[in-house]
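The values are calculated or read from the model by the stated rules, or taken from the named source; none is laboratory data. Here the structure is a predicted model, which means the values were calculated and not measured. FYI the Cβ positions are ideal-geometry reconstructions off the backbone, even for glycines, and counts take in every protein chain you see. Ligands, DNA and RNA are stripped out before the accessible areas are found, and what is left, the full protein with its side chains, is counted by its heavy atoms. Shrake-Rupley method; radii C 1.70, N 1.55, O 1.52, S 1.80 Å.
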Amino acid sequence: MAVTMAVCGAAGSVTGMCLHLATGRHSLLIDCGLFQGPKALKALNYEAFPFDPAGVDAVLLTHAHIDHSGLLPKLVKQGFRGRIHATQPTIDLCSCLLPDSGHIQESEVAELNRRNRRRGRPQVQPIYTAADAERALERFLPVPLGRWIAPLPGVRARFWNAGHMLGSASIELAFEGEGEQEPPIRLLVSGDIGSAEGGLQRASDGPAGVDHMVLEATYGDQDRPPVTTAARRAALARLLRLAAEADGALLVPVFAVERAQEVVADLIALMRAREVPEAPIHLDSPLASRATRVFLRHAGETGDPAWLRDVLTDPLLRHVEGREESLALSRREGFRIVLAGSGMCEAGRIRQHLAQALWDPATVVALVGFQAQGTLGRLLQDGERLVRIQGETIRVAARIERIEGYSGHADAPELLRWAAARGPVAGGLFLVHGEPGARDGLAQRIAAEPALAGATVLRPLLDEAFRLRAGTAPEAAPGALPRRRAEPETVMLPDWHNARSALLLAIDEALEQAPDEAARAALLARLRAALAG
């Protein structure tokens, strides 16, 4: 049996993960993620799928993060009627994340349509609604770790713990041969691999000896210094004390699932050890609060169940639910600890906290997760002193620091060790879920790894397809999909929206620094002349 695999997301970026696998008789998806970050990537969410959703027979989901699960409601809305196979914790987390994502789509489109009406532009529809997400949840079917299932005739699948977040899995697939003489095709999809630096989850696992591997490359070019739990907490404690001494805010942008719970657990541990001042920890994310309840339900599947239940129910943890309560918290002065989504500062309540506090030198912002190119979090991490939030230009005087040790992703040496332990790989080793530099860096390391010497390393483009066979390198399969979306050049990061924002900030800065009105008028005249060609 020949299998065709198309990479329909996370090709040169860390978002929108989706693999389309077709056998000639059936097809399935591994993940169906939402594209996040710059507008050029987000625009892909509104385009038609490059395949027919009604023709997909099954979905296997590695984990609940929106960049892996977030387009499942759209898939169901457009005709998918099969089952979505996932671990039970992933299903429970998706029951929080997907309706919330639908609500965000509705809210963002409602605001956009208000602006469009004022500008005389046409109205748009949300990608999907909260009701669409609820209908998608009806398609889910729980899968235990370590047990073979048969999602489709001639296809077997087995889920392995990936150590990335609660319920996360790598997925092993076996596609049966045409006859007794033809061996099955074995494919391993890593999903997102967890770091050995710590965290709440048990260590990742997986099989050995496959024909083809799809490997994430988020940190494929980075060697993070070893960070113990004690060192990570010490870094967090230092920033908390700085904020307390300056009587300012400690703002922590967090992803609602896993990162929020990890940071809360460390803050509680530090306060109990009297290493930092005891203070309320405001979790300003209703989604993170719901996810925390899922963590409590599935604490037995984590590394230290009793401790996790204890710290996540500590009375110092305050769940901020209502919008008015959140706004009041953002306007509060003095020392306070606020954890809010989103982790890359692209949406959610963290933006209102940043808008109110970035100008203040007493504010401390702790970045505890990956910041993709083009996001507000990445701009802050890279030291930008002027940023735009909700159309307002804000001068950054706050202290911005990144804390290592909270990443849910393995770094380059860890990814290499994980892949080598899964070897040998007889055919293709596809690097996905990584920006160009990360994929290039990991490819160089793989080329020097003896345990992976037989693998053909590929860095697929968006919607690029390959024909997979047992024991041999993959072949290009042009035309395997009904359509291909935007050429990769149009979604390179940072995109033109980022460039426009940078230009507007530069213009504002130049106008403010001009010595007089005549100089400002001359600058504006030159800009108008440039626009006129």
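Accessible surface for the stretch 245-371, divided over its residues, is 37 Å² per residue with a 1.4 Å probe. Working note: 222 nm ellipticity from helices only, DSSP H runs with n ≥ 4, each -39,500 (n - 2.57), summed and divided by the residues of the chain, gives -10500 deg cm²/dmol to the nearest 500.
By how many degrees, 0 to 90 and rounded to 10, does the Cα axis of helix 259-272 deviate from the longest principal axis of the chain? The angle comes out at about 60 degrees. Dipole check for the stretch 327-418: with +1 at the C-beta of Lys and Arg, -1 at the C-beta of Asp and Glu, and the Cα centre as origin, the magnitude is about 300 Debye. With R₀ fixed at 41 Å, the C-beta to C-beta distance from ALA208 to ARG272 puts the FRET efficiency at about 0.45. Legend: residues ILE507, ILE127, sorted from most to least accessible area (1.4 Å probe; ligands, DNA and RNA excluded), read ILE507, ILE127. Find how much the distance from ARG114 to GLU333 grows on full extension, using 0.36 nm per residue of separation minus their present alpha carbon separation; answer in nm with one decimal. Length difference between fully extended and current span is 75.6 nm. Among the cysteines of the chain, those with no neighbouring cysteine Cβ under 4.7 Å are CYS32, CYS94, CYS96, CYS345.
Surface calculation, 1.4 Å probe, protein heavy atoms: ARG135 sits at approximately 120 Å² accessible. Helix 88-119 and the long axis of the chain differ in direction by around 50°, with both axes built from C-alpha atoms. Shape analysis of the stretch 1-112 based on the Cα gyration tensor places the equivalent ellipsoid semi-axes at 23, 16, 13 Å, largest first.
Once the Cβ-Cβ distance of GLU324 and THR456 is raised to the sixth power relative to R0 = 56 Å, the FRET efficiency obtained is 0.50. In the context of the full protein assembly, TRP160 retains an accessible surface of approximately 50 Å², using a probe radius of 1.4 Å and ignoring ligands and nucleic acids. Normalised radius of gyration (Cα atoms, divided by 2.2 N^0.38 Å) for the stretch 326-367: 1.06. A Förster radius of 25 Å combined with the Cβ-Cβ distance from ALA530 to ALA355 puts the calculated FRET efficiency at roughly 0.20. Placing unit charges on each Cβ (+1 for Lys and Arg, -1 for Asp and Glu) gives the stretch 363-404 a dipole about its Cα centre, and among GLN373, GLN390, ILE400 the Cα reaching farthest toward its positive end belongs to GLN390.
The residues of the stretch 1-107 expose on average 25 square angstrom of accessible surface per residue, using a 1.4 Å probe on protein heavy atoms. Summing +1 for each Lys or Arg and -1 for each Asp or Glu among the other residues whose beta-carbon sits under 11 angstrom from that of ALA451 gives +1. Using a probe of 1.4 Å, the accessible surface attributed to ARG351 totals some 40 Å² when neighbouring protein chains are kept in position. Antiparallel beta bridges, as assigned by DSSP with both residues in the chain, represent about 45 percent of the total such bridges. Candidate values (i) 82, 56, 39; (ii) 81, 65, 48; (iii) 60, 58, 44 were compared with Cα extents along the principal axes in Å computed on the shown model; the agreeing label is (ii).
Only one residue of PHE466, ALA40, VAL7 has its Cα farthest out toward the positive end of the dipole of the chain, where Lys and Arg carry +1 and Asp and Glu -1 on Cβ, and that residue is ALA40. How far is helix 496-513 tilted, in degrees, relative to the longest principal axis of the Cα atoms in the chain, given as a value from 0 to 90 rounded to the nearest 10? Once rounded, the angle reads 10 degrees. Look at the dipole of the chain built from charges on Cβ: of ALA476, PRO122, PHE295, the Cα furthest out on the positive end belongs to PRO122. Entry comment: accessible area of the stretch 398-475 is 36 Å² per residue, from protein heavy atoms only and a probe of 1.4 Å. In the chain, carbon and sulfur make up what percent of the accessible area (probe 1.4 Å)? Result for the chain: 52 percent of the exposed heavy-atom area is carbon or sulfur. In terms of overall dimensions, the C-alpha atoms belonging to the stretch 305-386 reach 42, 29, 23 Å along their principal axes, ordered largest to smallest.
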